[in-house]
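Take a look at the structure set out below.
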Amino acid sequence: MKIVQVATTGKKVHIPEKLTKQEQIYEELASIVGNKYVEDDIGVLYVYSKDMTELGQYLPNLIVMPKTTEEVSEILKLANKYKVPVQCQVKGLNMGGVHAPLAGGIMIDLRRMNRILEIDEEAEYALVEAGVTWADLRRELQEKHPNFRLSYPFAPAQTGVVSNALLGGHLRFSTKYGPPSDQILSAEVVVPTGEIAYVGSRGLVKAWDHRQDLPDLLGLFIAWHGTTGIVTKAAIRIIPKPKYEEKIVFGTKNVETTCELPRRLARTHSFDAVSVIDWRYLMVAMKKCSDIPITGPPDDIPEGIHTVIYSSFESEEELASKRKIAKSLAEKYDAQIMPPEVFDVEFRRQADAIDGCPVLGAPGGVGMCFSGAGKGAGLSWIGGLGPDKYIKNLWVKTREIFAKYQKIFPQLVVHEMCWGHIGCFREIVSFDVCDPEQVEQVRKAHEEEVRLLLDHGYVIYKPPKFATDIIINEYMDKGFYQLMKKIRETLDPNHIMAPGRWEL
């Protein structure tokens, strides 16, 4: 593979050698999906390699866009015939580079598989193809099923629903409903050799609505990063809308309160979502994106660490009870309860004061820190799931890591999950990908962050390749690694699926 250093950035572009019989493979792919949906132009391949992170870019040899599960099956059979690597993606928005074709080969773009096949209100699921986005599904519910809502991710609305759920992480209502992978009930899959199968309840009976009390083969496709096959459709849980919803914002005064209050709120089993945002560093990131030179949090941005909770209720009595719980914990931890409208207005006031930074009006919501807009459009993060008793130490140590790097500033976020059984901690950093020094600083900081999380028993979610290498080399149980290897060898004898993922 040829590696080219981009002169204006710190990124390396990996260009694969031409495949043996590439023209023939192209023609056979075209016979499966049609000439319009196969591409090998270098410009198009380069576009597919780009992302907003500090990670390297990897070009595939060919792009193919199937429309049906049967076409996906035929593509995998063809890849086995020529022993060509295969990687798939929906929108290519993953911040861990999990979709990057590390070994070149065929990139299967699933965006044409974008049908919402069924919404069953009684069984509370939506059956969707792999290319359906959160925006697609949310629009469908709003227009045709207004009594239901989604526990959606903190990700762009155009992210694929199925791929997002398979990769794990957290959702808005993960405190109550658990991680994205728990929202998958059944699925249709194409294994690496091309066979089509069903997993979850649909594998045993003609029902898509659960995965309990049966061999949980769905686990073979969750967090495997595409190495065990391709999920072409899945039943995703939808949630009945409550009669009322309310957001409550707590302003906390110190790290101790910030890290203890969310745990206690989650463990009351009263609130749908409990999250923490570091307001001060969010402002820093946005100032930086608007090209205002800074060396740290400026004095004109007040200290602001906020816990945000969402509650749902069916009666005034239930509302009063939940407000009483929130007030009691606020008093115990010396936190200020802020009306959401006050918080929103104050946040907007400070954000709008940043020149050239239309924060809350930016497409996608919160603004430049999360959209990756601004000079260089760099955005990346490292996060993990683990014991929330270590949140304080992670918070302090993460700030210490980033304090060593003068050009980058983290935005810290915490989400309580499964009623506080586990916590999600992650740092997000905006940076200029056209500044090689910033790119290198992000790389170094993220390597330190990965080890920090692992040392505290946190599992990295959506880990990039460098992180899985650290995990396998330094942390993973050898028996666990060998078991993973045996499963992959059984499912993928020709080793075509996402080579380079979860392996050394």
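Read-outs: derived from the displayed coordinates by stated rules, not from any lab. Since the model is a prediction, treat every value here as computed from it, not as a measurement. Every residue, glycine among them, receives a Cβ derived from its backbone with ideal geometry; neighbour counts consider all protein chains shown.
Summing Cβ point charges (Lys, Arg +1; Asp, Glu -1) relative to the Cα centre of the chain gives a dipole of roughly 480 debye. Computed over the chain, relative contact order equals 17 percent, with contacts defined as Cα pairs under 8 Å that lie 6+ residues apart. With Cα atoms defining each centre, the range 427-476 and the range 91-148 are spaced 27 Å apart in the structure. Annotation: extensible slack from residue 490 through residue 21 equals 166.2 nm (criterion: 0.36 nm per residue apart, minus Cα-Cα distance).
Label sites at residue 440 and residue 407, each approximated as a point 7 angstrom past Cα along Cα to Cβ, lie 0.9 nm apart.
Here is the list for the range 10-67: GluC sites (Glu not before Pro) lying in DSSP coil, each with at most 16 other C-beta atoms within 10 angstrom of its C-beta, are 17.
Could you work out [θ]222 nm for the chain from helices alone, using -39500 (n - 2.57) per DSSP H run of at least four and dividing by all its residues? Round to the nearest 500 deg cm²/dmol.
Rounded to the nearest 500, the figure is -10000 deg cm²/dmol.
Shown for 119, 248: other C-beta atoms within 10 Å of each C-beta, ranked fewest to most, produce the order 119, 248. Distance check, please: which entries in 176/206; 36/241; 2/444; 247/404; 407/485 exceed 32 angstrom between their Cα atoms? In this structure, 36/241; 247/404; 407/485 exceed 32 Å between Cα atoms.
Of 413, 199, 255, the sequence from fewest to most neighbouring Cβ atoms within 10 angstrom is 255, 413, 199.
With a simple spin-label model that places each label point 7 Å from the Cα along the Cα-to-Cβ direction, the separation between residue 205 and residue 5 comes to 6.2 nm. Remark: 95, 52, 113 ranked as 52, 95, 113, counting other beta-carbon atoms within 10 Å and listing the fewest first.
Ellipsoid semi-axes for the range 2-109, based on the Cα gyration tensor and the rule √(5λ), read 24, 15, 11 Å when sorted largest first.
Using a cutoff of 8 angstrom between alpha carbon atoms and counting only pairs six or more residues apart, the relative contact order for the range 57-119 works out to 49 percent.
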